[in-house]
Structure formats: C-alpha cells, structure tokens
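So the structure is just underneath, and the comments pick up after that.
The values are calculated or read from the model by the stated rules, or taken from the named source; none is laboratory data. All of these numbers come straight from a predicted model, not from anything done at the bench. Every residue, glycine among them, receives a Cβ derived from its backbone with ideal geometry; neighbour counts consider all protein chains shown.
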Amino acid sequence: MKIFLDTADVEAIRRANDTGLLDGITTNPMKIAETGKPFYSVIEEICSIVAGPVSAEAVAYRAEDIVREAEKLAAIAPNVVNKVPMTVEGLKAAAILEREKNIRVNVTMVFSADQALLAMKTRATFVSIVLSRLDKIGSESDILVDDTVTVKENYGFTSEILAASLKTRNHVLNCLRYGADIISVPESLFFEMFHHPLTDQALAGFDEIWEKVRR
C-alpha cells in the first residue's frame, strides 16, 4: 500500500518525506489557501520536495475548462496529477486528459461503488473514495472500500484506488484489510501509525534494562 500525505503544508511534507516512507501528496485549493501563498508556487514547491505523485485540483465546471486548467497544472512538474470532480463534465475531462493528452487524473469525491465504476472507465490513474464524510452520515465506509476493490478486480480496471479523508487508525486498518491501493492521511495520523502502546511499553522497558547493564 502507498501512503500519501493530505496537506499543502510544506514543512509537514518535509517531515513526512524525511522518513523515506512517503509516496505522494494530495491537496486542494482550500488547503493551499491556508498557507497564504500563491496557488501555483505552492504546487511547484511541493513537487520539488516529493518525487511521487502530487494531486492538485483543476477547478472548473465544464469539461473543456477542466482540461485547460489541468494542462496548466501539468506544466508545473512531471509528477503533478490533476484532480477532477465526480461529475458528468469531470469524467468527460478525465477521459480526454488520460486518453488524448497523456495527463494523469485523480477522480475525486467518489462515495459509491457505481460512481467508482464510472470513474475507472475513464482510465483515470487514481479514483479517490472519501471515507470520513460517509461516516458522518451513518454510512459504513469500510463497505465502500471493499466494494470498490471488488469492482476493480471483477472487471480488470487499472485505476489505483485512493482512500481519502482518513481520520482514524481504524480507517487505515480497514483499507489494509480490504486492499485499497493508496491511503491519504493528515500528518498527525501518519506519525500516529508509528506508535502502539505495547511498542512504547516494550521500548521503555528495554531502555530501563540498558541503563542497568551498560554500566
């Protein structure tokens, strides 16, 4: 499984990238706005830090406008991936970008397996299923992960399933259990994954013993 960080904070990206375990980045205009820096310069800086895919959003409503915005973003760096919405116009643009322009696409805001099917049919590089928003309305996000993986396997699609908006370690475990290709997590959850109470307890015990025997 690949691990992406969901942020536009370049210092957080540097910290995660320094572990050697970061595979890519997802971000959006809202996260970039929080940095107070110009949109395109933030994308360029992130791409200079991370070698893997950097998903940035081409904001527009009509397919031709989404394609135009995606071409601008793709020109920033070779590792840019264009996020497009799960809409009729978004999927039109996704198919054009992937099949005609050779520009990678990440279809976002997918909340059901049939939406995932449509997104995969465009040959999108990534299809992002959103977990925490489903949990908020009482739906079981683990079922979406399982169903989407089943759709991919049943019909031989090549899109990578990106589980986005993870908030808890249970989200991570469900993605591992059902076989999502990628998870995108905030920095706090990324570093939380390194820890377990029993690991911390055992290491503290080792340190205590070492202090006794090293004298």
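For region 159-190, the tally of residues that are within 20 Å of Asp23 (Cα to Cα) and either assigned to a loop (DSSP other than H, G, I, E, B) or without any contact (Cβ under 8 Å) to a residue 24 or more places away in the chain (or both) stands at 13.
Put simply, of Ala16, Ala56 the only residue that is assigned to a helix (DSSP H, G or I) and aliphatic (A, V, I, L, M) is Ala16.
Looking across region 43-54, the residues that are under 21 Å from Ala164 (Cα atoms), out of contact with any Asp or Glu (no Cβ under 9 Å at 6 or more places or on another chain) and either of a type in the set (Asp, Glu) or buried (at least 21 other Cβ atoms within 10 Å of the Cβ) (or both) come down to Ile43, Ile46, Val54. Restricting attention to region 41-78 and to residues that are under 17 Å from the mean Cα position of the chain (by Cα) and at pLDDT below 95, the residue that is farthest from Thr19 (Cα to Cα) turns out to be Ala58.
Among what's in region 11-40 and is crowded, with 16+ Cβ neighbours inside 10 Å and of a type in the set (Val, Ile, Thr), pick the residue that is farthest from the chain's Cα centre (by Cα). This residue is Thr35.
Take the residues in region 136-166 that are polar (S, T, N, Q) and under 17 Å from Arg177 (Cβ atoms), then tell me which one is modelled with the lowest pLDDT. Only one residue tops the list, namely Ser141.
Checking the structure you have, find out if any residue of region 136-147 is in contact with a strand residue (DSSP E or B) (Cβ under 7 Å, 6 or more places away or on another chain), buried (at least 18 other Cβ atoms within 10 Å of the Cβ) and part of a helix (DSSP H, G or I). Checked region 136-147: at least one residue is in contact with a strand residue (DSSP E or B) (Cβ under 7 Å, 6 or more places away or on another chain), buried (at least 18 other Cβ atoms within 10 Å of the Cβ) and part of a helix (DSSP H, G or I). Taking (1) within 15 Å of Asp6 (Cα to Cα); (2) more than 17 Å from the chain's Cα centre (by Cα) in turn, Leu166 satisfies each apart from (2).
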